[in-house]
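Notes follow once the structure below has been shown.
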Amino acid sequence: MNILNEWYFWLRAFHIISVIAWMAGMFYLPRLYVYHADVAPGTPASELFKVMERRLMRIIINPAMLAAFLFGGLLLITPGVVDWSAGWIHVKLTALFLMTAYHGFLSRWRRAFERDQNPHSARFYRLMNEVPTVLMIVIVIMVVVKPF
Ligand code: HEM
C-alpha cells in the first residue's frame, strides 16, 4: 500500500483542520476592514487595526493556507482519492482558485490600509465579506456530496 494511502485519514484530518483555520481568518479579516474603513488614518484606532490585521494575516491566514494546500495537495496525489473524470473536483478547484485570488485581494487591501491609502468604503468590505462564505459552501458541498 502506498504511504499516502496509509496516512489518508491523517491527511484528511489535517486538511480539514488547516481549512477551518484558513476560513476563520478569511471571514474575520474583512470584518476588521469594515470597521477600519470608518476610522480616520493616523488615529490610535487605525494604528491598532493595522497591528490586528497584520498579525491575523501573517500568524494565522497565510500559514493556514499553506497547510491547506500541502495536505490538500497530498490528498490529490493519493492513489484512488480523486476520479478526474468526475465534475466535483473541477468545480472545487475552480472555487479554490477564486478563494486564493480573494486571499490575494485581502493582502492587497491590508497593505493599502498600512499605507493609510484605503480606497474602499465600509459597505464595499461588507459586500466582500460574503465572497469566502459562498465559495466555502460550494467547496464543501462538492467535496462531501460529490454530486457529479
Ligand atoms: C487548498 C487547496 C485544496 C486542495 C488541493 C484540496 C483537495 C482535497 C482533496 C483531494 C480531498 C479529499 C477528498 C476525498 O477524500 O474524497 C479534500 C477533502 C476535503 N476538503 Fe479540500 N482541498 C483544498 C482546499 C479546501 C478548502 C479551501 C476547503 C473548504 C473551504 C476544503 C474542504 C475540504 C473538506 C471539508 C474535505 C473533507 C471531505 C470529507 O472528509 O468527506 N478543501 N480536499
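The values are calculated or read from the model by the stated rules, or taken from the named source; none is laboratory data. The model shown is predicted, which means the values in this text are computed figures rather than measured ones. Note that we place each Cβ from the backbone using ideal geometry, even for glycine, and neighbour counts take in every protein chain shown. Side chains included, ligands, DNA and RNA excluded: accessible areas come from the protein's heavy atoms. Shrake-Rupley method; radii C 1.70, N 1.55, O 1.52, S 1.80 Å.
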Legend entry - C-alpha long axis of helix 62-76 to longest principal axis of the chain, angle in °: 20 degrees
Inset, instruction - Take peptides 126-136, 80-90, 62-72 and line them up by average Cβ neighbours within 10 Å, highest first, as a rough protection proxy. - result: 62-72, 126-136, 80-90
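Before I look further, what does the chain give for accessible area per residue, probe 1.4 Å, in whole square angstrom?
58 Å²
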Inset, instruction - Please determine, in degrees from 0 to 90 and to the nearest 10, the orientation of helix 130-145 with respect to the longest principal axis defined by the Cα atoms of the chain, where the helix direction is its Cα long axis. - result: 10 degrees
Legend entry - the chain, accessible surface, carbon-and-sulfur percent (1.4 angstrom probe): 71 percent
Legend entry - Cα-projected label distance for Leu70 with Asn5, points at 7 Å along beta-carbon direction, nm: 2.5 nm
Inset, instruction - Mind grabbing the accessible area of Phe124 for me, 1.4 Å probe, Å², rounded to tens? - result: 60 Å²
Inset, instruction - Be a star and scan the stretch 133-148 for residues whose amide nitrogen sits under 16 Å from the point 7 Å along the Cα-to-Cβ vector of Ser85. - result: 148
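In the stretch 44-148, what is the volume of the convex hull around the alpha carbon atoms, normalised per residue and reported in Å³? Please report the intermediate quantities before stating the final value.
On the way: hull volume 10.8 nm³, N = 105.
Per-residue hull volume (Cα only) is 103 Å³.
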